[in-house]
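K.L.:
Dropping the structure in here first, questions after.
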Amino acid sequence: MRSFLLKALKDIFTPGRVRTNADDLAAWGVDWTRNFKAAPGAIVFPETVDEVVALTGLANAQGLALVPSGGRTGLSGGAVAADGEVVVSFDRMNRILAFDPVNRLARCQAGVVTAALQAYAHERGLCYPVDFGSSGSSQIGGNVATNAGGIRVIRYGLTRDWIAGLKVVAGTGALLDCNNGLVKNATGYDLRHLFIGSEGTLGFIVEAEVRLRPPPPPQRVMVLGLNGLAAILPVLEAFQAALALSAFEFFSELALTHVVAHRRLQRPLDKAAPFYALIEFDAAAEDTALGVFQAAVERNWVADGVISQSDAQAASLWALREGITESIAPLTPYKNDLSVRVSDVPDFLDEVDRIVGESYPEFEICWYGHIGDGNLHLNILKPESLATDEFYEQCHRISPALFAAVRNRGGSISAEHGVGLLKRDFLEFSRSPAEIELMRGVKAVFDPNGVMNPGKLLSG
Ligand code: MLT
Ligand code: ZN
């Protein structure tokens, strides 16, 4: 980074809050994707909104590219800085600034870790119900930037549904207070919702006013061994017809094998099944759930099952699902994060199964996902002998066949991980040319000089 630019950064940030040493650049320059190389020019650690405004002004004046950085748990390269950018880490803006018990709102700085907000809500007899495997490190700002979903979307919705207000610094440097915690506000375009899912391309999310709710009643978790892919939807439908589910997740035997080995967990059932469903529901509905389970065994959809009898057992069953990402990370998976309407899931799974069988015969495929909301994670695992670049190139070559199956059903090539760098060149499989043109127009309004996370989501 040129010395006058470094000096300008140091004029905004006190010593220690501009870093350029190689280890820090390597750590803050990437997210959980493994295939992009980190090459940022510097990392800065703002502590106030004013510093973010000043930095954005400097970037516009000097043509500096800025990459917002939260917990860096993203899986599409949205927080990767590979080209001399300044990484803007929110690690030091990690305070919950206010609690409003009447409106059940918590005002969080962008760097508040999801689990810290969950604990904060819990201490006040409330709950923040959006949850995922990365909640121990992901930050609220990043969650908002990708509209993170996770494991309880079928009951509680996405991050978007819990954001009552946002304070943002647009790419122009303008400081905007969007919606201010209101329930009703019919005063035109809701800019809050434009920023949710914008992947850092329109500006910085610096604060979020997050809705909390009363805690759910005690829950039970069931893990079922399914007799095949075709059983997933009938089982989901049977449970949904009888009781309100909080989660309906699935994973394959290969996924289970990895997580059990990696975390040294117990297998949930005596005999292996090709696929498993993890179901969560109110404990009061346990008898109903056991009846549905029995019927599913009689229909030959389910081979066996287990149900939690304590919170500790529920947590160890959840670990089988939530630990999968980490357990396969050393295998450099190529991550597909696809969604279709839930009613299209059976036919979609059939077609995906056929395509991967034909296109990836030599690769292992690890299936899992939030199938209750139509979201399938299809992870292609890298053979040890293949170089990462070559592996990714091969995956990119065959992605169009998979994405065409998504497009034919009006589905999404990125259900919840975002587009980032990884899916950017495939955006037209989910968004029309007219939509992409308008998205470019929106970007130009909020970030006319292109300083915000350039090259992510939309190609340059
Ligand atoms: C998950 O569902 O576990 C997350 O989206 C992460 C992943 O897909 O690996
Ligand atoms: Zn997921």
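The values are calculated or read from the model by the stated rules, or taken from the named source; none is laboratory data. Quantities reported herein were computed from a predicted structural model and do not represent experimental measurements. Cβ: placed from backbone, ideal geometry, glycine included. Neighbour counts: every protein chain shown. Keep in mind that these areas ignore ligands, DNA and RNA; they rest on the heavy atoms of the full protein, side chains included. Shrake-Rupley method; radii C 1.70, N 1.55, O 1.52, S 1.80 Å.
K.L.:
For region 199-325, what is the convex hull volume of its Cα atoms per residue in Å³?
P.N.:
Spread over its residues, the Cα hull of region 199-325 gives 164 Å³ apiece.
K.L.:
Right, here's the next one. Could you state the angle between the C-alpha long axis of helix 433-446 and the longest principal axis of the C-alpha atoms of the chain, as a value from 0 to 90 degrees rounded to the nearest 10?
P.N.:
Between the helix axis and the principal axis of the chain, the angle is about 40 degrees.
K.L.:
For region 42-153, what does the alpha-carbon gyration tensor say about shape, rounded, prolate or oblate, given a ≥ b ≥ c as the root eigenvalues, a/c under 1.5 as rounded, and a/b over b/c as prolate?
P.N.:
oblate
K.L.:
Viscosity 1.306 mPa s, temperature 10 °C: what is the translational diffusion coefficient of region 172-213 from Stokes-Einstein with a Kirkwood Rh over Cα pairs, rounded to a whole number of µm²/s?
P.N.:
Using the Kirkwood radius from Cα pairs, D works out to 136 µm²/s.
K.L.:
Another question, then. Which trypsin sites (Lys or Arg not before Pro) in region 255-349 sit in a loop by DSSP (not H, G, I, E or B) and have at most 14 other Cβ atoms within 10 Å of their own Cβ?
P.N.:
Loop-located and lightly packed - Arg264, Lys271, Arg299, Arg341.
K.L.:
Another one. Rounded to the nearest 0.05, what FRET efficiency do Arg440 and Arg124 give with R0 = 60 Å and r taken as the Cβ-Cβ distance? Could you check?
P.N.:
The computed FRET efficiency comes out at 0.90.
K.L.:
Now for a separate question. Which of rounded, prolate, oblate describes region 337-460, given a ≥ b ≥ c as roots of the alpha-carbon gyration tensor eigenvalues and a/c under 1.5 marking rounded, otherwise prolate only if a/b is larger than b/c?
P.N.:
Oblate.
K.L.:
Related question: Accessible area of Asp100, 1.4 Å probe, to the nearest 10 Å²?
P.N.:
50
K.L.:
For region 14-158, calculate the relative contact order in percent as a whole number, restricting contacts to Cα pairs under 8 Å that are 6 or more residues apart.
P.N.:
Relative contact order of region 14-158: 20 percent.
K.L.:
Moving on. Classify region 20-106 as rounded, prolate or oblate from the Cα gyration tensor: take a ≥ b ≥ c as the square roots of its eigenvalues, call it rounded if a/c is under 1.5, otherwise prolate when a/b beats b/c and oblate if not.
P.N.:
Here region 20-106 falls in the oblate category.
K.L.:
I would also like to ask the following. Please compute the contact order of region 1-75 in relative form: average sequence separation of alpha-carbon pairs under 8 Å and at least six residues apart, divided by the residue count, as a percent.
P.N.:
Taking the mean separation of contacting Cα pairs over the length of region 1-75, I get 33 percent.
K.L.:
Percent of Cα-Cα pairs per 10 Å bin, from 0 to the last occupied bin, for region 399-460, please list those.
P.N.:
Going from the shortest bin to the longest, the percentages are 22, 51, 23, 5.
K.L.:
Another question, if that's okay. Under 20 Å between alpha carbons, and skipping anything fewer than 8 positions from Lys7 in its own chain: which aspartates and glutamates qualify?
P.N.:
The qualifying aspartates and glutamates are Asp24, Glu47, Asp50, Glu51, Asp83, Glu85.
K.L.:
Post the alpha-carbon centroid distance, region 310-326 to region 331-350, in whole angstrom.
P.N.:
Here the two parts' Cα centres lie 22 Å apart.
K.L.:
Ignoring ligands, DNA and RNA, what percent of the accessible area of the chain is carbon or sulfur (1.4 Å)?
P.N.:
Summing carbon and sulfur atoms, their accessible area is 52 percent of the total for the chain.
K.L.:
Moving to a separate point now. Please tell me the relative contact order of the chain in percent, rounded to the nearest whole number, where contacts are Cα pairs under 8 Å and at least six residues apart.
P.N.:
Relative contact order comes out at 16 percent.
K.L.:
Quick check on the chain: helices-only [θ] at 222 nm, where DSSP H runs of length 4 and up contribute -39,500 (n - 2.57) each and the sum goes over total residues. Nearest 500, please.
P.N.:
-10500 deg cm²/dmol
K.L.:
Which residues' amide hydrogens lie under 5 Å from the amide hydrogen of Asp337, considering only partners 5 or more residues apart or on another chain, with H built in the peptide plane?
P.N.:
Leu378, Ala415
K.L.:
Provide the percentage of antiparallel DSSP beta bridges, counting only those with both residues in region 68-227; round to the nearest 5.
P.N.:
Percentage antiparallel, nearest 5: 90.
K.L.:
Please identify the longest segment of the chain free of exposed GluC sites (Glu not before Pro), where exposed means a DSSP state other than H, G, I, E or B and no more than 14 other Cβ atoms within 10 Å.
P.N.:
With a cap of 14 other Cβ atoms within 10 Å, the longest stretch comes to 1-361.
K.L.:
Let me ask another. For the chain, which semi-axes, largest first and in whole Å, follow from the square roots of 5 times the eigenvalues of its Cα gyration tensor?
P.N.:
Output for the chain: semi-axes of 38, 26, 20 Å.
K.L.:
I would also like to ask the following. Which of the lysines could be linked to Lys443 by a straight reach, that is with a Cα gap under 25 Å, when you skip same-chain ones fewer than 8 residues away?
P.N.:
Lys167, Lys423, Lys456
K.L.:
Further question: Test of understanding: what is the full-extension gain from His262 to Arg299, defined as 0.36 nm times their sequence separation minus their Cα-Cα distance?
P.N.:
Net length gain for the segment: 9.9 nm.
K.L.:
Give me the 1.4 Å probe accessible area per residue for the chain, excluding ligands and nucleic acids, in Å².
P.N.:
41
K.L.:
Please report how far the C-alpha centroid of region 109-145 lies from that of region 257-295, rounded to the nearest whole angstrom.
P.N.:
After rounding, the separation between the Cα centres reads 26 Å.
K.L.:
Still on this structure, please answer the following. Over the Cα atoms of region 299-350, what radius of gyration and what Dmax do you get, in Å?
P.N.:
Gyration radius and largest Cα-Cα distance of region 299-350: 15.6, 39 Å.
K.L.:
Let me ask something additional. Give me the angle, in degrees from 0 to 90, between the Cα long axis of helix 286-298 and the longest principal axis of the Cα atoms of the chain, rounded to the nearest 10.
P.N.:
So the helix axis and the longest Cα principal axis differ by about 60 degrees.
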